1. Considering the Cα trace of the range 1-88, what is its radius of gyration and what is Dmax, both in angstroms?
2. How high is the relative contact order of the chain, in percent, with contacts defined as C-alpha pairs under 8 Å that are six or more residues apart?
3. Less than 14 Å Cβ to Cβ from Gly10, Lys/Arg counted +1 and Asp/Glu -1: what total charge do the surrounding residues give?
4. If we count every other residue with Cβ under 15 angstrom of Glu107's Cβ, Lys/Arg +1 and Asp/Glu -1, where does the sum land?
5. Kindly report the accessible area of the chain per residue (heavy atoms of protein chains, probe 1.4 Å, no ligands, DNA or RNA), in Å².
6. Roll a 1.4 angstrom probe over the protein heavy atoms and tell me the percent of accessible area of the chain that is carbon or sulfur.
7. Report the residue, chosen from Gly65, Gly54, Gly103, that carries the largest GNM mean-square fluctuation when the chain is represented by alpha-carbon nodes joined by springs under 10 Å.
8. Once R0 is set to 25 Å, what does the formula 1/(1 + (r/R0)^6) return for the Cβ-Cβ distance between Trp110 and Cys84, expressed as a FRET efficiency to the nearest 0.05?
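The values are calculated or read from the model by the stated rules, or taken from the named source; none is laboratory data. These numbers come from a predicted model, not from an experiment. We place every Cβ from the backbone using ideal geometry, glycine too, and count neighbours over all the protein chains shown. To get the accessible areas, we keep the full protein, side chains included, count just its heavy atoms, and leave off ligands, DNA and RNA. Shrake-Rupley method; radii C 1.70, N 1.55, O 1.52, S 1.80 Å.
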Amino acid sequence: QVQLVESGGGLVQPGGSLRLSCAASRSIFTINRMGWYRQAPGKQRALLATITNGGITNYAESAKGRFTISRDIIKNTVYLQMNCLKTEETAVYYCNGSVTLLGRSTEDYWGQGTQVTVSS
């Protein structure tokens, strides 16, 4: 079992920045991949960025160049730094953790989400 708790959302002006945090209940070395997703009202949940337990990062095209995923091993926390935010990026942002089991199946864990509103 993994519990994930997001924080850091809020209201930001277009062009502004936010840093989201995802605190995990156990060492993120034991979580094979963590990521950030967002879901706007009426839209499908979309991948933004991932980081493996080896530190390898990947980004969706929409996030590339503006968003940065990082981690603090000691704090069991993954971050998403978001810059140059756009109004259309208003959404609930979710943290995900994926654990690969011995039989190669996976377990996915989700945080409760944190609301990001980009508006003037």
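1. 13.1, 37
2. Dividing the mean separation by the residue count of the chain yields 36 percent.
3. -1
4. Residues near Glu107 contribute +2 overall.
5. Heavy-atom SASA per residue in the chain reads 53 Å².
6. Roughly 50 percent, rounded to a whole number.
7. Looking only at Gly65, Gly54, Gly103, the largest GNM fluctuation is found for Gly103.
8. Result of the calculation: an efficiency of 0.40.
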